[in-house]
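The values are calculated or read from the model by the stated rules, or taken from the named source; none is laboratory data. Computed from a predicted structure; not experimentally measured. What goes into the accessible areas is simple: the full protein's heavy atoms, side chains included, and nothing from ligands, DNA or RNA. Shrake-Rupley method; radii C 1.70, N 1.55, O 1.52, S 1.80 Å.
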Amino acid sequence: MTEVQRPPAEQLFAAELAALKASDKGEKPEGWVLSPKAVVTYILGGKAADGSIISAKYVGSRRLIETAVATLATDRALLLLGVPGTAKSWVSEHLAAGIAGDSTMVVQCTSGTDENQIRYGWNYAQLLAKGPSTEALVPTPLYRAMEAGKLCRLEELTRMGSDVQDTLITVLSEKMLPVPELNSAVYARRGFNVIATANNRDKGVNELSSALKRRFNVVVLPLPADIEEEVAIVTKRVAEMGGGLRLPVPPSAVAEVERIVTIFRELRAGQTLDGKTALKVPTGSLSTAEAIAVMIGGLSQAAWFMEGAVDAEALAPTLMGAIVKDPVQDKLVLEEYLEGVLKKRRDFAGYYTALTDLL
Ligand SMILES: Nc1ncnc2c1ncn2[C@@H]1O[C@H](COP(=O)(O)OP(=O)(O)O)[C@@H](O)[C@H]1O
Ligand SMILES: [Mg+2]
């Protein structure tokens, strides 16, 4: 059997979770694997009570993570909101791993998601053979989470139609899911809750109904506050992901991370870091997650085709792809940035040349 490409968090960090669990003396909400404090340590990193080192998964405000964890210990569900690439899905996965020891009950919501993917569906062969029966019922991740007293993750909640979203109201307010065909219902075990994520930019696509909104506590995940924090996040994740992909991460990569993040932050904010020059903003989101992807793309290019040198030349093609999402508009934005800003910066000369060549 080949190795799994991307194991879920609870497998990848099984040792950390076990160390936290073994030494966790804190009181736990019913159905939780760890105490709330231990969950926060699992996510932000630190030391378990027995002194073993816990790596940081999320870099950011402790307050936010505490609020998220505290919410999940109540009867309200959690909605993680933010622009793309602010680690909403990532935090949601780790919250589920830390709290329930299982992050695999996920529904990816789209405009095509219907009630059967939220509540339950039917195995039609069984349904025809036996009629409506427990054997013919196909449970959804939400259904299984309720039965098991675990967390269900709903990715991009606002992408699905409002009528489908509203099927969650009974589940969230009464913690039960009626199954009229079997004249029965599933009652959620203790420990069950829902973590949803939604994108700020999608706002208005399918706004949450006010009835549903009332059942969620909203935690907004921000973009990294300053360049140091963003460089730290990208460097850390690139090292971890590079390791996972067996890509060597040369020490020179750190300097490139700083330059890539500088370019991202300036274009995202529409002005240079010193605030002196106004810039046009590209149509794409230029998130932290994309900066990570640019670095990983460059590492791969360098490792396979360029004898390992991670420089502007290796990074330019993926960087270009991240900035130029709209071939007409964004090209102009980049051209202006190259001529007006990067051309004058000596330490960005490689980027000026490589990107100009590609334009
Ligand atoms: N503050 C942060 N701390 C740690 N990792 C981060 C942070 N911000 C972004 N990332 C990284 O960005 C990547 C993508 O995040 P993701 O959860 O898919 O974003 P979202 O769901 O908000 O669009 C993940 O690999 C994550 O590690
Ligand atoms: Mg996401």
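Partners of K21 within straight-line reach, counting lysines whose Cα lies under 30 Å from its Cα and excluding those fewer than 8 residues away in the same chain: K37, K47, K57, K88, K150, K175, K236. Against the empirical curve 2.2 N^0.38 Å, the C-alpha radius of gyration of the stretch 9-220 lands at a ratio of 1.05.
Comparing mean-square fluctuations of L154, L182, L64 from a GNM of the chain with C-alpha springs under 10 Å, the top value falls on L182. Highest mobility in the GNM of the chain, judged by mean-square fluctuation with C-alpha springs under 10 Å and restricted to I260, I53, I296, is found for I53.
Projected over all directions and averaged, the alpha-carbon convex hull of the stretch 284-359 occupies 4.9 nm².
To check you understand DSSP bridge types, tell me what percent of the beta bridges within the chain (both residues inside) are antiparallel, rounded to 5. So the antiparallel bridges in the chain amount to around 35 percent.
When the alpha carbon gyration tensor of the chain is reduced to an equivalent ellipsoid, the three semi-axes, largest first, read 41, 24, 20 Å. What's the percent breakdown of Cα-Cα distances in the stretch 227-358 across 5 Å bins, shortest bin first? Answer for the stretch 227-358: a P(r) of 2, 11, 22, 25, 21, 12, 6, 1, 0 percent. Given the whole protein assembly as supplied and a 1.4 Å probe, what does the accessible area of Y42 come to in Å², nearest 10? Only protein atoms counted, so the area is about 0 Å².
Rg then Dmax, both in Å and based on the Cα atoms of the stretch 1-55: 12.4, 40.
Here K276 is the anchor, and the aspartates and glutamates within straight C-alpha reach of less than 16 Å, apart from those fewer than 8 places off in the same chain, are E266, E336, E339. The separation of the stretch 154-203 from the stretch 19-70, counted between C-alpha centres, amounts to 26 Å. For the chain, the relative contact order works out to 14 percent when only alpha carbon pairs closer than 8 Å and six or more residues apart are counted. With the whole protein complex present, T277 retains an accessible surface near 60 Å², based on a 1.4 Å probe. Bridgeable aspartates and glutamates around K325 (alpha carbons under 13 Å apart, same-chain partners fewer than 8 residues away excluded): E290. Each helix, a run of at least 4 DSSP H residues, gives -39500 (n - 2.57); summed and divided by the residues of the chain, these come to -13500 deg cm²/dmol at 222 nm.
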